[in-house]
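> Dropping the structure in here first, questions after.
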Amino acid sequence: LITAFVIPWLKNKVGEDKYATVVEFAEIVVRSAEKIYTQEEWLKKKDYAVELVAKKAHELGLDLDVAEINAIIEGAVQAVKG
C-alpha cells in the first residue's frame, strides 16, 4: 500500500532528484542500523532511521511529515532486504 500510493505521490511532491537523494540516503541508514542494532532493538533501529532521514530531508529543504519519512524508510528496508 505504501509503495503503491505514497511513494509516487511523494516523488511528485518533492521532485525526482531530491526524492532519489533521500531514498539513497535512507538505504544507507537502514544498512547502518542493521549493523548497529540487534533484532531485539528494532525500535531503536526505527528511531535511528527516522531521526537521520528527517535530518537529511531538512538539509535538502524538504518538509516531510512522519508518515512520509516512515514510507521512505519502509521502502528502503524493502530495497535492502531484496
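Values in this text are rule-based calculations from the coordinates and carry no lab data. Since the structure is predicted, the reported quantities are computational estimates derived from the model, not experimental observations. Using ideal geometry, Cβ is built from the backbone for each residue, glycine included, and neighbour counts are taken over all protein chains shown.
> Over region 14-65, what portion of Cα pair distances is larger than 17 Å, expressed as a whole percent? Numbers along the way, then the final one.
Details: 458 of 1326 pairs.
For region 14-65, the fraction of Cα-Cα distances above 17 Å is 35 percent.
> Same structure, new question: Let me check I've understood the local charge: for SER32, count other residues with C-beta under 15 angstrom from its C-beta, Lys and Arg +1, Asp and Glu -1. What total comes out? Mind showing how you got there, number by number?
Numbers: positive: ARG31, LYS35, LYS44, LYS45, LYS46, LYS55, LYS56, LYS81; negative: GLU24, GLU27, GLU34, GLU41, ASP47, GLU51.
Neighbourhood net charge equals +2.
> Next question, about the same structure. Once you've got the Cα coordinates, tell me which of LYS18/LYS46; LYS55/LYS81; LYS18/LYS56; LYS18/LYS55 are over 19 Å apart. List each step's numbers first, then the result.
Values: LYS18/LYS46 22 Å; LYS55/LYS81 24 Å; LYS18/LYS56 10 Å; LYS18/LYS55 13 Å.
Beyond 19 Å: LYS18/LYS46; LYS55/LYS81.
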